Structures are given as C-alpha cells and as structure tokens.
Amino acid sequence: MSVDVRTVTESEFPDWLRALATGFLRSPVLREDETAERLSHMGLSRMRGAFDGGRCVATYRSFAQELTVPGGAAVPASAVTQVTVSPTHRRRGLLSRMMDADLAAAKERGDVLSTLIAAEYPIYGRYGFGPAASVTEWEIDVPRAGLDARWAGPGDGGGRVDLADGADVRKLGPELHERFRAVQHGAINRDERWWQLGTGQVVMSFQPWTEPFYAVYRSARGEVEGLMTYHADEKWGDGKQPLNTATVRDMIAVSPAAERALWHFVCAVDWITTVRSGYRAGDDLLPLLLPDPRAARTLTQADFLWVRLLDVVRALEARTYAVPASLVLEVHDAAGLAGGRFRLEASADGAVCAPSAEAPDLTLDVRELGALYLGEESAVRLAALGRVAEESAGAAAVADALFRTPRRPWCPDIF
C-alpha cells in the first residue's frame, strides 16, 4: 500500500500527535485534554503528515515567523518544526515529499526564507538549508571567577536589579524583546503564547512546569533593559557546604550594563557555586565579564539556526553590508526555488540585487549562501573546503568583507 502525504485534518490530528510523540521518543499516550489544547494554536493548513493504511507515520509543520537580519530589518520566514519519521518508515522519501511541498508553498506565499533548528546535522543541507547561527553554552565556576562575593547591586550610577514574577514578565517582556530583536540579527519574533509558556500561564503535558526565578534590570532612568529567567537546584556537599547550580533559561538585554549586572547578580546569589549560561552567541560578552574568564568552561558549541533562502533578491536587499562592493553570485538550487545568477551592489545607501548575465565571481549552492547570509560563516573558509568556487581571484575575500558582521548572529529561541 502506498504512503499518502497530505495536509492533516482535524480528525487526523490526534494520530498526528501520537506520531510526533513517537518520533521524539516521548510517551505516545496523549493526555485527555491535550489534543484540544494543542489544536487551538496549531494551524492545520500548514501541518502535513504521511499516512500508511490510515496510520500517521511522519509529521511536519511550518508557521509564520520574522527573522532579524544584519541591519535590523525583519524578513518574513517560514519556520519548520515538529519534523519526524517513524522508525518503521525511514528511507522512503517521506520527509522529502513533505519538505518539497512546504517550501514550494512558502515560495508561493512570498516568504523570503525558511528556518529551522536541526536536531541532526546531516539531514537538512540536502534541502538547501545552511547553518546560519551557532550557540555556545558556558558553565561558570563561581568561586574561581574572581567576582566580589559581597556584591549587592549594579555599580553603574543608579541601575538596579529587581526580582519579578510571571505576570510582571508577561507585561514587561514583550516590549523589551521587540527592542532586543531590532538590534540582534538572528533573533526571531515571540508571540503572546511564547510568553504564556515561558511563565507557566500555559503548561504542556510533556514539559512539567517548575516556576523559575525572574530578574529584571532597570537603568538609572527606570527603563527595563534586561531580563533573566533562571532555575536553581538544591545540592549540599558532605561538609555542609552549598554546591548549588543556577541554570539560566533565558537572558536578553539591550545594553552592556544590563548584561553585566544580570550575570553578576546570578553569580552573587547565596549558595550558588555554579552557573550554566544556557545557549548564547559564540561571541557573547559573558566570559570577559568575569575577572577570570577561564572560570567559564565551554559545555556546548554547535550549530543552531539554519536558513534556506527562497528569494535571493529580496533576501540580499533586506540586509546591510559592512563595505561598498559588488559581487556576481551563481547560486545553484536543486529544488529550483532560488537558483540563478545575481549581481549584488552594496553601498552606504543600501543594497541592490538583480538577476545578471555577467560572468560569476563566486559559484555556490543555496545552502552555502544560507550559511553566509547572517554573517556567521566565512566564504574564504567555504572556498578552502571546496564548497564555494572562486571564479575570480579574491572574490571570496570580497564576500567576507560584505557578509561578515562585527558581532555574530544569535537566535535565543528553540522552535
């Protein structure tokens, strides 16, 4: 019997959820009210499933998203999530069928690009996605960090840190995040439900809720400039010494003063001897905010946000560039969605990109252009790896001068 790939109907949604849970190695038994609760916020029109004999054996969903690009513009994106194939149906092309249909629909809709968080590295490059922003997680040995253990507040002339509750965060957080994502390329939008889930107002059955601590930094003018959410365990050594770990779940800030104050605050909490940073940008200030940066040990350093361009012209014109320069790119796209030859002209007044018949300076696959797009990757490195072909001498260095950014892109959110 052939496997049918199609948009999921409301009656098929419980079976789709069971297949999703199976793919993510969670219990396939659904809570009684889970189906209705999840259906209320998950649009069926962009939910796909593969069905074999009436049973769902693969899942896929996308939703509307905005991605901040270098320069601060937010471009419309199709975010891919909840992708699974049941272990009984691997290697049958089910993901390809779902992905091809969804990317074609995103292109037709006018989305500039598609995004995802890759659970496994080797899968998504063949669909044109490139790793566009990475993350690093640090573990801070607080006693070794050299911070003043008597710290009682920011020493920045009037700023302060206050504890808050979930209701405060739902009120203050959205506006702060809008300011944050306007200056952080790689960041994505957060809707009302994100804040509800992040503060326990809505609780998912497969994610047991423990109320965290919230800390808010306000400047001397009283403006909210930073927000940190963290958990703490309770662990004591044999000598009756505290050995507690604070794990930061989320921290956004719009000023260096807020970053410094919030990291110093969590390191100064009584009994905390270890702080885990959560996923941060690879060039985050955190280690260098410590008198002894070696006290911050790297736990994780990996790819995170992947980008797949769907409209090269709009994507390249949306972002800004560090230097005035021109480059002709030959972009290969096996799916036929974004390939072609394009001339990019960057200047202080902005960028212009258009199809071109000129000889190319660089030839690359759309996945490599995705890796370069936010400024994370180097064209010179990709050329050395044989993944970018330099058709004119020095073109890879010109691409680096254009695409690389002073600070690395960062996406704080899993989706």
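DSSP loop chymotrypsin sites (Phe, Trp or Tyr not before Pro) in segment 299-383 with at most 15 other Cβ atoms within 10 Å of their Cβ, which ones? Answer in residue order: no site qualifies. Membrane-span-like helices in the chain: DSSP H runs reaching 20 Å or more (Cα, own axis), mean Kyte hydropathy at least -0.5? Result, helices passing both filters: 94-109. Taking the protein heavy atoms of the chain in the context of the full set of protein chains, the accessible area attributed to carbon and sulfur is 51 percent at 1.4 Å. Solvent-accessible area per residue in the chain equals 46 Å², computed with a 1.4 angstrom probe and all protein chains kept. Of the GluC sites (Glu not before Pro) in segment 66-136, the ones in a loop by DSSP (not H, G, I, E or B) with at most 11 other beta carbons within 10 Å are Glu120. Placing pseudo-labels 7 Å out from each Cα toward the beta carbon at Glu120 and Phe206 gives an inter-label distance of 1.7 nm.
Of the residues Tyr121, Tyr214, the one with the largest accessible area comes first in the ranking Tyr121, Tyr214, computed with a 1.4 Å probe on protein heavy atoms. Checking every one of the chymotrypsin sites (Phe, Trp or Tyr not before Pro) in segment 169-213 against DSSP loop status and a limit of 16 other Cβ atoms within 10 Å picks out Phe206, Trp209. One Cα centroid belongs to segment 357-413, the other to segment 300-317; the line between them spans 12 Å.
Around Val57, with a cut-off of 15 angstrom between Cβ atoms, what is the net charge of the other residues, counting Lys and Arg +1 and Asp and Glu -1? So the environment of Val57 carries a net charge of +4. Expressed in units of 2.2 N^0.38 Å, where N is the residue count, the Cα radius of gyration of the chain is 1.07. Per-residue ellipticity at 222 nm computed for the chain from its helices equals -7000 deg cm²/dmol, with DSSP H segments shorter than 4 residues left out and the rest contributing -39,500 (n - 2.57).
The values are calculated or read from the model by the stated rules, or taken from the named source; none is laboratory data. Note that the structure is a prediction, hence the values are computed from the model and not measured. In this analysis, Cβ positions are derived from the backbone assuming ideal geometry, glycine residues included, and neighbour counts consider all displayed protein chains. Remember, those area values only see protein heavy atoms, side chains included, never the ligands or the DNA or RNA. Shrake-Rupley method; radii C 1.70, N 1.55, O 1.52, S 1.80 Å.
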